[in-house]
Each structure stands twice: as C-alpha cells, then as structure tokens.
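Taking it in order: structure first as structure tokens, then the write-up.
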Amino acid sequence: MEVGFHEAALASVPRSVADPVATNVNCVDATLNLLVAARAAGVRRVVYAGSSSAYGDTPTLPKHEGMLPNPISPYAVAKLAGEQYMRAFTRVYGLETVVLRYFNVFGPYQDPTSHYSGVLAKFCRGMLAGEQPTIYGDGEQSRDFTYIDNVVHANLLAASAPAEKVSGQMMNTATGARITLNETFAILRELTGYSGSPAYAPSRAGDIRDSLADIQLAGELLGYEPVVDFREGLRRTVEWYKTFTVDEPTWQVGKVTRQRQSGLDKAKLRSRQNQIGSCRAHFLTAPRRSSLWAGRR
C-alpha cells in the first residue's frame with residue numbers, strides 16, 4: 001500500500017471530558033498501533049486527521065501553524081499526541097507523514113442522533129423536524145466550519161504532494177472564514193423553513209470561544225484552496241438531511257452496531273462489522289462520506 005489515510009478517532013470534546021481514558025485509547029493508542037503497522041507493511045505515507053482543537057482558546061486569530069499548541073480538553077491533547085507521533089515516525093523511521101489540522105468538518109452522513117454529535121448535524125436534522133435547537137453559550141462564538149469536499153480535496157493533495165515539500169509537515173485544513181453560531185442558525189432557518197428561535201444553555205467545558213484558520217501554508221505546500229464555501233456546503237447538507245430519516249440504517253459507515261438488525265440478517269451484519277473492524281485496524285481508504293471525517297476540529 002502506498003498511502004494510508006488515518007481518519008478514525010473518538011471525535012468529541014464533551015465525550016473526552018466525560019471519559020478521557022476512552023479518548024486516549026481510541027486516539028493515541030490506536031494512532032501508535034497504526035503507525036507501527038504502517039511501517040511493518042512498507043506503507044510509504046500516512047495522512048493524519050489532526051484537529052484545530054490543538055490551538056485551544058488562544059485569542060489570536062487566525063490560527064496559524066507557528067503558534068504554540070494550547071489544548072484545553074482531553075480530545076485536543078490526544079489529537080496533538082497523534083501529531084507528535086506522526087512527526088516522530090518521520091524523523092526516526094523515515095515514514096512519510098502529513099498532518100492536516102481539520103476545522104469543524106461537516107456534511108452529509110454525519111449522525112445527528114448522538115448526544116455527542118456535531119452541532120450542524122443536530123441543527124439540520126432537528127430544525128427540519130421542527131425541533132428547537134440548543135446553542136451553548138451566547139451564540140457569538142465562531143467557527144471555521146469546513147464542508148467535507150474541502151477535506152477530501154486536501155487529503156488527496158496531501159497523498160500526492162512531493163515528499164520533500166510535505167513529509168513531516170502539519171498544516172490547517174479549513175476555509176479561512178468564520179461565522180458565529182447565531183449567524184449559522186439564521187442561515188439554517190432560511191434553508192430549513194424553521195420558524196422558531198434557539199434555546200440558550202450554559203457553555204460546555206472544553207469548548208473554545210473562536211476558531212479561524214490561516215490556510216496559507218496548505219496553499220503553499222499542497223496548492224490547496226477551498227472548493228466549497230460554507231453557505232453552499234450548508235445548503236447541500238440540508239438537502240441531504242431532507243432525503244434521509246433518522247431511522248434509516250444508512251446513517252453511518254463506521255457504526256454498524258447502531259443499525260436496526262431487523263433490516264440486516266445477522267450473517268450480513270457480522271460480515272460488515274468484520275470489514276469495518278479490519279478497515280479501522282489497518283488503513284482507512286475513506287469514501288466521500290462525512291461520517292468518517294465530520295466533527296473533526
């Protein structure tokens with residue numbers, strides 16, 4: 001295998017606060033295991049899904065790669081540890097690695113049913129159903145929401161870029177623009193036809209206030225530019241959620257155990273679980289479905 005895409009993680013700040021050990025196992029231990037396996041299998045390059053949460057709550061905007069990391073949640077610490085393992089395997093073993101720090105990825109196939117689901121998935125599905133969304137904090141916190149097609153585009157560029165330019169490098173993957181949750185809610189009202197107002201709740205532990213990426217380095221090293229802006233990505237996402245319903249067994253590729261067994265016989269379910277387990281244990285050659293990428297930040 002030439003290139004491995006390491007997209008898997010337990011991608012949730014609130015979940016990491018509730019269970020830091022599970023986050024460490026699924027993000028740090030799993031990343032080390034993958035790198036060891038990659039080296040043993042003769043893989044040339046591993047592209048790693050880093051996280052903008054490594055920047056923490058530093059007020060400086062935009063976030064650029066030269067800034068010192070300042071993680072404030074167990075998830076951020078775990079993802080940063082993965083970055084350091086990537087760099088170490090490049091320097092010590094010569095394995096080519098590229099780290100892409102994702103900023104709040106969203107898009108179709110993201111599961112909105114979990115307590116730990118990404119905010120846009122929950123907003124899209126809930127508002128289409130006429131349910132009142134909850135905004136934690138005053139809604140003026142901002143994010144550099146990044147549509148899935150931009151992330152796929154960056155990964156493909158990272159896989160093919162010359163080693164002398166990108167091996168051992170880390171770079172932001174985002175749109176380079178930010179929007180507040182209140183502004184996002186206003187756009188979603190227009191797209192979904194929801195007529196109500198949001199509920200506001202206290203801010204959650206581990207959440208950062210503002211996020212905005214400087215994407216200049218990715219442009220220089222990869223030739224990366226966003227291919228879909230936020231509003232268009234949100235429109236596409238809402239259109240997808242209009243098509244699918246929560247009880248359909250196609251929400252996620254990677255969480256078959258949440259599917260209704262009534263829709264799959266047990267032999268097929270076991271087969272698919274084995275396939276997914278093998279995929280996670282080795283190298284994820286991800287389809288263009290944001291369940292594998294979404295929520296990364």
query = So which GluC sites (Glu not before Pro) in the range 138-190 end up in coil per DSSP with only 12 or fewer other C-beta atoms within 10 Å?
reply = E140
ask   = Expressed as a fraction of 2.2 N^0.38 Å, the rule-of-thumb size for a compact globular protein of N residues, what is the C-alpha radius of gyration of the range 1-146?
value = 1.15
query = How do L100, L156, L34 rank when sorted from fewest to most other Cβ atoms within 10 Å of their own Cβ?
reply = L156, L34, L100
ask   = Which order results if Y85, Y136 are arranged by neighbouring Cβ count within 10 Å, fewest first?
value = Y136, Y85
task = Work out from phi, with θ = phi - 60° and the Karplus expression 6.51 cos²θ - 1.76 cosθ + 1.60, the ³J(HN,Hα) of each residue of the range 11-20, listed in order in whole Hz, and give x for Gly and Pro.
result = 8, 7, 5, x, 5, 5, 5, 6, 9, x
task = Report the equivalent ellipsoid semi-axes for the range 95-184 in whole Å, largest first, defined as the square roots of five times the eigenvalues of the gyration tensor built from alpha carbon atoms.
result = 32, 14, 10
remark   = If L120, L222, L217 are placed from fewest to most neighbouring beta carbons inside 10 Å, the sequence is L217, L222, L120
task = Report relative contact order for the range 1-120 in percent, whole number only (criteria: Cα-Cα under 8 Å, sequence separation at least 6).
result = 31
request  = Provide Rg and Dmax in Å for the range 164-249, with only Cα atoms included in the calculation.
outcome  = 17.3, 53
Protection-proxy order for peptides 169-179, 13-23, each taking the mean of Cβ atoms within 10 Å per residue, highest first = 169-179, 13-23
Per residue, the convex hull volume that the Cα atoms of the range 51-100 enclose (Å³) = 71
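No value in this document is a laboratory result; all are computed from the given coordinates. These numbers come from a predicted model, not from an experiment. Note: ideal-geometry Cβ built from the backbone for every residue, glycine included; neighbour counts use all protein chains shown.
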